[in-house]
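Inspection log for the structure reproduced underneath, given as C-alpha cells.
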Amino acid sequence: MTRRDAAAVAKPALNSEWIVRKTLFVFAMTTVLGIILVIFFVARESIPALRQVGWSNIFLSATWNPNVSNPATGHYGLLVPLAGTLAATLGGIIIGGPLAIGTAIFLTQIAPPRTGKLVVRGIELLAGIPSVIFGWIGLVVLVPMLARVTNTQGYGILAASFILGIMIIPTVTTIAKDALETVPEEYKQASFGMGATRWQTIYKVILPSAKEGLLVALILGIGRAIGETMAVQLVIGNARQFPNSLTSVTSTLTSRIVTDMGESTGAFRSALFVQGLVLLIMAMVIILLIRLVTRKTVKAA
Amino acid sequence: MMGEMHVPARSRARKTTAKTADTVATVVLWALALVCLAVLGSIIGYILVKGLAVVFDPKFILGKPQAINAGGGILPFLLSSIYLTLLTMVIIMPIGVGAAIYMAEFAGESRITRLVRFGADSLATVPSIVFGLFGLALFVVAFGMGPCLMAGALTLALLNLPAVMRTSEEALRAVPASYREASLGLGASRWQTIRKVVLPSAVPGITTGGILTIGRILGESAALVFTMPLFATKAPTSLFSGGAAIAPNLWYTLTEAITPDAQRIAQGEAAALVILILALNLVARFLAHRYQARQGMVG
Amino acid sequence: MRSGKRWILGGALLLAALLTVVGLAGCGNSSTTSDQNLTGKVSLSGSTTVLPPASEAASQFMDIHPGVQVSVQGGGSSVGITQLSQGLVDIGMSSRELKSEEQNQGFLDHKIALDVIVVVANPGMTVDDLTKDQVKGIFTGQLTNWKDVGGADAPITVVVRDKASGTREMFDEKALDSQDSTTAAIEANSNGIVRQTVASTRNAIGYISLGYLDGTVKALKYNSVEGSKDTALAKTYPLSRFLHMFTKGEPQGVVGVFIDFVLSERFQNDVVAREYIPATEL
C-alpha cells in the first residue's frame, strides 16, 4: 500500500489521481455518514417524548393511549408493541427457520442439480416479492383461512408468524447455503469413508462445522423479522394488548409506527420515533451479535 | 461368547436405524424444499390469477387514479415509480460504484475500511421503516421538502447504498489481477487502469446488481410512507413535487382507500408489481447469462 | 463490450420513447371543458378525513382550470389549523370544531359536509339496537360477549379506528364519554377497512361513516335511533360532526373560486354525497 503510494507520488498524474482517490474516499464514507445521520435524526426526534412524558412512562409502561389534541398528556408505553415484535419474530423463526435451514441443507447435500437450480431461482424470486404484497396475500388469504381453522378473528400473532416465516426464507436460506458450502469436501468424504449415512454425515459433520454460519443466517433472519413492517401491519390487528395467545391480536413496534403516524403531532409523533429508535438499537445488537459469532470463527480458524 | 454374538447384532440394528433415519431425513428435506417452492408458486399464481385481468385493462394501466369513485387507473403511480427509480439510481450508482472502487482498488485492510464496512453493514441491517422515519425528519421536515419525489429518492438511495456497494465491490474483485498487472505494466496509471480495464470488465456484474436494486426500489413501501405522498392523481412534475409510487399506494389502497373497487385496484397493483419484478429478474438473468457465455468464449 | 453498450442504449431509448408516449397519452385525456384564464395556486392541509374529497376536488378543479395548481396534504386537523394561522396554507381542513384557543384569528368556516357515524356489526349478528351504555360497555371492553347485550353466546371482536383519526376522536368523546376503547380492539386506518373487517370477521362490531353503509355490514340503532341525516340534523342522533374548510377571512381570488367549486351542487352531489351528507342538503 505505502509502496504503491510512493510510486504514485513520483508520477506526473499525481494531482488528478489524488482528486479521484479523495472523491472515492468521500463516496465510501457516505455509509458512515449515513448511519450517523440516521441515528442522530431518529434520536433527536425521540427527545421531546422522553422529555415530556418521561423515560419510565415509555420504557416501563404497557399503556399506549395517545392524546391527539394534547399530545404531552398521553400515554406512550412501548412494552406491548415490544412484546408483540418479540412474539411475532419468535413465531416467524419457529416457522421459517426449519424451512429455510432445511432447504439450504437440501440444496447443498441432496438436491439433483436441476431441482437445486429450480429451488435457488424460486428463493431468489421470493426475495424479490415486495413486503406489501405478502401483507395483501396475508390479509385476503391467510387471515380468513386462520379465522375458519382457529374459529377466531384470524388476525394476530399466528398470522404474522406465518407471513414472517415465509418472508425470512430467502435471507436465511441464502446465507445458510453459503455457510454449508464452505464445509471442506474432505470432511464429507472422510465421514462417508467411515461408513456413515448421508444424514449421519450431515448431522454429525456438516452441521457442526457450519454452526457459526447457520447461526449468522438465523440472526439475520431475526433482524429481517423484527424490522418487517407493511406485511405485519396488515395482519396483526394492531391492538394495544399484550399477545396472550397464539391467535391474540396485538401490535409490533413497526405496525404501531405506521398505524399511528397519520395525524400524530408533538409528543405523540415523537413517541413513535422512540419506537423507531428501539428498532435501530435492535438492529445494532443484531450486527454486534453477528460480529461476535464471526469473530469467534475467525479466531478458531 | 454372548458378548461377541451381541456386538454385530447391535451394530446391525444400529445400521438399520441409521438407514431409516437417513431415508426419513431425505424425505423431510425434500419436503421442506418443495414446501418453499409450493409457497412461492401459490403466491405468484394467486397474484397473477387475481390480477392479470385487471392489469391488462387499458383503462386501469393508462387511467387516472380516483380518490372516491370506482374505475381509477394507475398510470401516475407507474410513472412516479419509474421516475423514483431513475432518480434513485442516478444518485446511488455513482456513489455506490465509487465507494466500491475505493474499497476494492484503493483501500487495503485498514481502520478506515473497517469503519466503512461497519457503516454499510449497519445501513443494511436497519429496518426500512426507520429509514422512513429518518427521511421524514431530515428531508421532509428539516430540509422542508415536504413529501416528494426527491425526499423518497434520497431515502431509498441511503437504504440501497450497501447493496449496490457490495455487488459492485464483488464484481470489481472478480476481475483477474492479471488484467491490472498488464495495464500497469504498459505504463498506465492506477486510475487509468481502473477506468479502462477493471471497470469495463466489471460492468456486467455491476449492472446485474443495479437491476436487482431497481427491483427493490419498485417494491419498497415502508421507507416511502412518510417521505412521499401515498396517493396523488398526478405523477410528479418536478423533482420536488409529490406523486405516489405504486408499492406504497398498494398499502394505502389496502388500509386507507375508500374507493368501492379498492380490492380490484389492489389486485391490479400487486400483479403489475410482480410482473415488473419478474421481468427485471429475467433481464438480470439474461445479462448474467450473456456475460458468462462471452467469458466462456474468451477462455 | 460494444454490443452490450448498444443494447443498453437501445433499451434506454425505447424506454424513453415509451415514457413520452404514455406521458402524452396521460396528459391528453382531460375531457372537461377547460378554462385557461384562471391562474394561481391553492394549498390545503389538515384532516385526513377531508383529504379524499379535497384531493378529488383538486384534481377536478385543475382539469377545469389548467392554469391553477392545487396542492393538498394531510397531517391532521390540528396541523391544518396551525398551518392556516401561520399563513403556510390557504385552506385548513378540519374534522373538528375550532378549540377556544384557536378562535379569534378571523377564521371563516366553510362547512363542506356532515359526517354521521353509525355502529355496524357483522351481518350474522342478531342484535339490532344498542343503548348508549351497551355501546360504551362493548367498546371499552366491559362487555365482551354478545349474550351480554341480548345476542348469541359469542365473544365480541371490536374494530376501531386508529388513535390519530378524527373519527375515533369523535366516537371516543361522544359515545364513550372520552374513555379509551378496549386495548383488545383491532385498529384499522379507514372507514373502508373497518367496514371490510367487520363484514369479513364473525362476531365483529365497529363504526363507520354513514356513506360507507352497504349490504356487507349491519347498521345498529343507537339508543333506538337510526343514524341518518334527518336524525343527526334533528339532534336526536348524537354521533355526528361537521367537516370544515377554514380560510383566513373571506377567501380571495382563486381560493374563493375553489371553495365555491367544493360547495357547488355538482361536486357535492357527485363526490361528497358518496360518503357524507352533502353541504347542499344542510
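Structure notes:
- Distance between the 7 Å Cα→Cβ label points at residue B:290 and residue C:36: 4.6 nm.
- Chains A and B together bury some 6800 Å² of accessible area, summed over both sides, with a 1.4 Å probe.
- Buried on complex formation within the range B:117-135 (loss of at least 20 square angstrom of accessible surface versus the isolated chain, 1.4 Å probe, ligands and nucleic acids ignored): B:118, B:119, B:121, B:122, B:123, B:125, B:126, B:127, B:129, B:130, B:133, B:134.
- Ordered from highest to lowest accessible area with the whole protein assembly present and a 1.4 Å probe, C:212, B:46, A:203 read as A:203, B:46, C:212.
- Computed lengthening from residue C:131 to residue C:281, 0.36 nm per intervening residue step minus Cα-Cα distance: 51.1 nm
- Positive-pole candidate from A:253, A:201, A:57, dipole of chain A, charges at beta carbon: A:201
- Rounded accessible area per residue of the range A:80-262, 1.4 Å, Å²: 35 Å²
- Heavy-atom accessible area order for A:145, B:150, B:228, largest first, 1.4 Å probe: A:145, B:150, B:228
- Those residues of the range A:17-59 for which accessible area with every protein chain present is at least 50 Å² below the isolated value (1.4 Å probe): A:17, A:20, A:21, A:24, A:25, A:27, A:28, A:31, A:35, A:38, A:41
- C/B buried area, accessible surface, summed, 1.4 Å probe, Å²: 2200 Å²
- Using Cβ point charges alone (K and R +1, D and E -1), the dipole size of the range B:190-299 about the Cα centre works out to roughly 800 debye.
- For residues of B:218-226, the mean tally of beta carbons on other chains within 10 Å: 5
- Take every DSSP beta bridge whose two residues both sit in the range C:124-282; close to 20 percent of them are antiparallel.
- Take the range B:50-121 with all the other protein chains still there, run a 1.4 Å probe, and you get 39 Å² of accessible area per residue.
- Considering helices alone, the calculated mean residue ellipticity of chain B at 222 nm is -24500 deg cm²/dmol, with DSSP H runs of length four and up weighted by -39500 (n - 2.57) and normalised per residue.
- Debye, to nearest 20: dipole size of the protein assembly as shown, +1 on Lys, Arg Cβ, -1 on Asp, Glu Cβ: 4060 debye
- Two tests apply to each whole DSSP H helix in chain B, Cα reach of 24 Å or more along its axis and mean Kyte-Doolittle hydropathy of at least 0.5, and the ones passing both are B:2-55, B:75-101, B:149-173, B:199-219, B:262-298.
- Each of C:243, A:131, A:143 was placed along the dipole of the protein assembly as shown (beta-carbon charges, centred on the mean Cα), and the one lying farthest toward the positive end is A:131.
- Straightening the chain between residue C:233 and residue C:85 buys 50.3 nm, computed as 0.36 nm per residue apart minus the Cα-Cα spacing.
- Per-atom-type breakdown for the protein assembly as shown gives carbon and sulfur 62% of the accessible area (1.4 Å probe, protein chains only).
- For the protein assembly as shown, taking Cα atoms only, Rg and Dmax work out to 29.8, 113 Å respectively.
- Label-to-label distance, nm, for residues given as residue A:47 and residue A:149 (7 Å Cα→Cβ offset): 4.9 nm
- Based on protein heavy atoms only, chain C ends up with 43 Å² per residue of surface accessible to a 1.4 Å probe.
- Relative intensity, log₁₀ I(q)/I(0), of the range B:190-249 from a Debye sum that treats every alpha carbon as a point, q = 0.27, 0.29 Å⁻¹: -1.06, -1.13
- Gaussian network model of chain A, Cα within-10 Å springs - most flexible of A:227, A:92, A:193: A:193
- Between residue B:181 and residue B:237, residue separation times 0.36 nm minus the direct Cα-Cα distance comes to 15.3 nm.
- Simple spin-label estimate for residue B:192 and residue B:52 in nanometres, 7 Å along Cα-Cβ: 5.7 nm
- Among A:116, B:118, B:235 the positive-end extreme of the charge dipole of the protein assembly as shown (Cβ point charges): A:116
- Cα-based shape type of the range A:24-108, given that a ≥ b ≥ c are square roots of the gyration tensor eigenvalues and the cut on a/c is 1.5: oblate
- Peptide packing: for A:20-28, B:115-123, the average count of neighbouring Cβ atoms within 10 Å per residue gives the ranking B:115-123, A:20-28, highest mean first.
- Going by accessible surface with a 1.4 Å probe and the largest first, C:177, C:260 read C:260, C:177.
- For the range A:221-265, residues shielded by at least 50 square angstrom of accessible area compared with the chain on its own, probe 1.4 Å: A:230, A:240, A:258, A:259, A:263
- At an R0 of 30 angstrom, the distance between the Cβ atoms of residue B:38 and residue C:154 translates into a FRET efficiency of 0.30.
- Interface of A with C. Using a 1.4 Å probe and counting protein heavy atoms only, the two chains hide about 2000 Å² of accessible surface, both sides summed.
- Measuring between their Cα centroids, the range C:112-191 and the range B:19-37 lie 49 Å from each other.
The values are calculated or read from the model by the stated rules, or taken from the named source; none is laboratory data. All of these numbers come straight from a predicted model, not from anything done at the bench. Reconstructed Cβ throughout: ideal geometry from the backbone, glycine too, with neighbour counts over all protein chains shown. Heads up: the accessible areas ignore ligands, DNA and RNA and are worked out on the full protein's heavy atoms, side chains in. Shrake-Rupley method; radii C 1.70, N 1.55, O 1.52, S 1.80 Å.
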